[in-house]
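The values are calculated or read from the model by the stated rules, or taken from the named source; none is laboratory data. Predicted model, so just to flag it, every value in this text is computed and none were measured. Every residue, glycine among them, receives a Cβ derived from its backbone with ideal geometry; neighbour counts consider all protein chains shown. Please note that ligands, DNA and RNA were not included when accessible areas were found on the heavy atoms of the full protein model with its side chains. Shrake-Rupley method; radii C 1.70, N 1.55, O 1.52, S 1.80 Å.
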Amino acid sequence: MADNITRSWYKEMAVYQIWPRSFCDGNGDGIGDLKGVLSKLDYIKSLGVDAIWFSPLYVSPFKDHGYDIADYRNISPDFGTMEDFKAVLDGAHARGLKVIMDLVINHTSDQHKWFLESKKSKDNPYRDYYFWRKGRLGNKLPPNDWKSNFAGDAWEFDETTGEWYLHLFAKEQPDLNMDNPKVRQEVKDIMKYWLDMGVDGFREDVITYISKKEGLPDGFPIPIAAGMEHYNDGPHLHEYLREFRHDVLDNYDCMTVGEAPMMTPEKALKHIAEGPDQELNMMFNFQHMEADCLFVSWVHVPFSLKKLKKVYNNWQTKLYGKAWNANYIENHDQPRIINRYGSLKFREESAKMLAVMYICQSGTPFIYQGQEIGMTNIGLTEIGQYDDVSTRNTYQLFRKLGFSDRKTMELAAYASRDNARTPVQWTAGKNAGFTTADKAWFHINPNYTEVNVEAAEADPDSILNFYRQLLKFRKEHDIVIYGQFIEHDHDNDKLFVYSRHYKDQRMLVVCSFCENKAIFKAPEGFDLNEGKLVLCNYKDVRQSANGAILNPYETRVYLYE
Ligand code: GLC
């Protein structure tokens, strides 16, 4: 079955994401940096990954932690110099690790020279690099009703020329006008600049937002991201992405993965289906991150395994043989997965189960820093302790909507992006071994005395060593990479069971999301005693030919060769 799927290096790799400010501090100033990364390249390689994706390293005022770029061609002094970057690039390549850069082209920083020029006058040559409009009601109200993805209006008034500019994120992140061919040329030049330097691809930030509907019409009035229907997957998106591909990307052996909010498999296929018009190699969708919330993690609902399984089944079956999935359960925008889909009580067991659950599916796995040791949410209790602009804005919005401080802080403790942004816990020593400075730039999760890389290295059964085992297994077995996905026992609300099929091989994956013991009945045709148990997060497990009693959060992978 399914032995003619096209092979490619980007399908076979696993990627480790670094959010540089919190990864490792190499110069003792309390902030993670490239020297720190250099010192950890062997560690990264030891995980069994094949590439590093760097969240933005560029010059930035850091209003949104580097997703507000002031200079696309230089490294932020916070992180080091271009020499430091090249040392990391060479060091990564020497170890067989590819390097993927974050490409943020929907918007720039308001400190980028294009914007500083653009705001000077209405006839400035850079004026049309951004969206400037007169407001409504005698210029008192913004030009339309769009709301920022970070809450609040999506427009900011600028006194210099008496006009408003569009920002779909923070007000310090003005949106670029991609309809202007000069802007697209700038983007292509930036891509070439990094590809010529030797980087291997891009993670393209909110790439589906870059084309706005002409006339910028009013949107459906919701408190966050109103207007989205007029810019997400917008009218010229195909055209622009194809232009980038044909003019630049096709000339390099590189990969792209685009971030795509509100994406469905049907729409994704129009951008990532393989063939001459393929625009991106993969897309990061969000649907599988909504099993415990309504669209955004702030609108929290009880976790539903059935909802999660439905989404996975949809993406796995609709893309197979046509396009490629990008699989992740954590990144710098998502709270830690153990708090959401796993269990603090069964931290180790659930972390391992969740790793199997998504890495054994079809697609390229992405692993976020700290995920491999089972880091958890820090759960800060006062708004003043938070750093993230979206958390602070959303807090204000919830307070305006009538939520108490306590309730809003409860939501933030669950939902804030800052949960993923605490420093990586390297040791049980001072500042978790993250920095030699007196203080790290941000709060360190107090559980670092137990949850840290050093302790995990010393324990053969740690989450870390389980990740290594799992990634090695994936690398050594084509079926894990190229096999077809078939879900079983769809209506079971405690177990996620699926099989993979490749040539004459089969693999059975069993994942329990239950805090108690759970009964597992093997799907028809899978005799458990005939399969080889290749991965499991418990020792001494028992089974009969057609089933087993599973421990809390147990996972098992059986191979039939
Ligand atoms: C993406 C990034 C996020 C950033 C936003 C604006 O969603 O992942 O961190 O805040 O885009 O650039």
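Quick rundown of the values:
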{"read-out": "Leu38, Leu241, reordered so the largest accessible area comes first (probe 1.4 Å)", "value": "Leu38, Leu241"}
{"read-out": "Average accessible area per residue (Å²) across the stretch 218-313 - probe 1.4 Å, nucleic acids and ligands excluded", "value": "41"}
{"read-out": "For Asp253, solvent-accessible area (1.4 Å; no DNA, RNA or ligand), Å²", "value": "110"}
{"read-out": "P(r) tail fraction, the stretch 458-499 - alpha-carbon pairs more than 16 Å apart, %", "value": "57"}
{"read-out": "The stretch 47-116, accessible area per residue, ligands and nucleic acids excluded (1.4 Å, Å²)", "value": "28"}
{"read-out": "Heavy-atom accessible area order for His236, His288, largest first, 1.4 Å probe", "value": "His236, His288"}
{"read-out": "Nearest-ten-degree value, helix 389-400 long axis tilted from longest Cα axis of the chain", "value": "80"}
{"read-out": "Accessible-area composition of the chain, carbon plus sulfur, in percent [1.4 Å probe]", "value": "50"}
{"read-out": "Sequence of Glu530, Glu454, Glu186 from largest to smallest accessible area, 1.4 Å probe", "value": "Glu530, Glu454, Glu186"}
{"read-out": "P(r), alpha carbons of the stretch 24-112 - 5 Å bins starting at zero, rounded %", "value": "3, 15, 24, 24, 18, 12, 5, 1"}
{"read-out": "DSSP beta bridge pairing in the chain, given as percent antiparallel to the nearest 5", "value": "65"}
{"read-out": "Two-decimal log10 I(q)/I(0) for the stretch 515-561, as the Debye equation yields it once each C-alpha is a single scatterer, q = 0.22, 0.27 Å⁻¹", "value": "-0.76, -1.11"}
{"read-out": "Net charge contributed by nearby residues that have their C-beta within less than 11 Å of Ser544 (K/R +1, D/E -1)", "value": "+1"}
{"read-out": "Column: log10 I(q)/I(0), Debye, Cα scatterers of the chain, q = 0.10, 0.11 Å⁻¹", "value": "-0.84, -1.03"}
{"read-out": "Total charge dipole magnitude, the chain, about the Cα centre, Cβ charges on Lys, Arg, Asp, Glu only, Debye to nearest 20", "value": "860"}
{"read-out": "Rounded accessible area of Val59 (nearest 10 Å², 1.4 Å probe)", "value": "40"}
{"read-out": "Overall dimensions of the stretch 214-309 as given by Cα atoms, namely Rg and Dmax in Å", "value": "16.1, 47"}
{"read-out": "Proximal charge balance of Trp132 [Cβ under 10 Å; K/R count +1, D/E count -1]", "value": "+2"}
{"read-out": "Two-site FRET efficiency, Ala545 against Phe295, from Cβ-Cβ distance with R₀ of 60 Å, rounded to 0.05", "value": "0.85"}
{"read-out": "Lys45 - accessible surface, heavy atoms, 1.4 Å probe, Å² rounded to 10", "value": "80"}
{"read-out": "Using alpha-carbon coordinates, inclination of helix 82-94 to the longest axis of the chain, degrees", "value": "30"}
{"read-out": "Farthest positive-ward along the chain dipole, Cα basis, beta-carbon charges - from Pro302, Leu344, Asn177", "value": "Pro302"}
{"read-out": "Cα gyration tensor category, rounded, prolate or oblate, for the stretch 318-396 with a/c compared to 1.5", "value": "oblate"}
{"read-out": "Neighbour net charge for Leu401 - beta-carbon separation under 15 angstrom, K R +1, D E -1", "value": "+3"}
{"read-out": "Helical contribution to [θ] at 222 nm, DSSP H n ≥ 4, -39,500 (n - 2.57), averaged over the chain, rounded to 500", "value": "-7500 deg cm²/dmol"}
{"read-out": "Positive dipole terminus of the stretch 321-422, leading residue within Ala415, Thr364, Leu397 (C-beta point charges)", "value": "Leu397"}
{"read-out": "Surface/4 estimate of mean projected area, convex hull on alpha-carbon atoms of the stretch 39-193, nm²", "value": "10.6"}
